1. Filter the stretch 54-89 down to the residues that are surrounded by 14 or more Cβ atoms within 10 Å (Cβ to Cβ), over 15 Å from R20 (Cβ atoms) and of a type in the set (A, V, I, L, M) and list them by number.
2. Could you list all residues from the stretch 24-48 that are crowded, with 17+ Cβ neighbours inside 10 Å and under 16 Å from L81 (Cα atoms)?
3. Please name all residue pairs, on different chains or six or more residues apart, with Cβ atoms under 7 Å, provided the first residue is in the stretch 5-23 and is within 15 Å of F80 (Cβ to Cβ) and touching a residue at least 40 places away in the same chain (Cβ under 8 Å) and the second residue is of a type outside the set (D, E) and not in a helix (DSSP H, G or I).
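All of the numbers you see were taken from the coordinates with simple rules; none came from a lab. Keep in mind it's a predicted model, so treat the numbers as computed, not measured. Glycine gets a Cβ as well: all are built from the backbone with ideal geometry, and neighbour counts include every protein chain shown.
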Amino acid sequence: MDQLPSKREDYVRKVLEAYRNTPGTCGHLRRSDRVLAVQLYQRGVPLNKIENALILAAARRLIRPADAPSLTTVRSLAYFLPIIEEVLEMEVAEEYFQYARQKLQRLRLSLILTNNGHYHRSQACGVG
């Protein structure tokens, strides 16, 4: 008989999937990413706060002056810990993060259409 995933397993899976799909990340998961996701679960960090932090960080990384130096690829969920803490302390309506998600989607589409600045994840991570 198949067992349903536990709340912890479901939480960790969702955190890791959100991280993996965040623009500017390598897309590959490491053991340390899974350990951190478990620690966030144990701390009781709400999943939506983590997702909001990832969106906010990605938007900040993409909305930069055109002449700014290129940023390196994010290779660890731990990179986002300071912004997760920032979002936990924020008193901002959820609508702000919905707006940030929409803005990020438009930015990603714009980058894809112009082929500007970003290269394929497999190249960024040294595979492929």
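1. L56, A59, L62, L81, I83, I84, V87, L88
2. Of everything in the stretch 24-48, those that are crowded, with 17+ Cβ neighbours inside 10 Å and under 16 Å from L81 (Cα atoms) turn out to be G24, T25, D33, L36, A37, L40, Y41, V45.
3. L16/L29; Y19/T25
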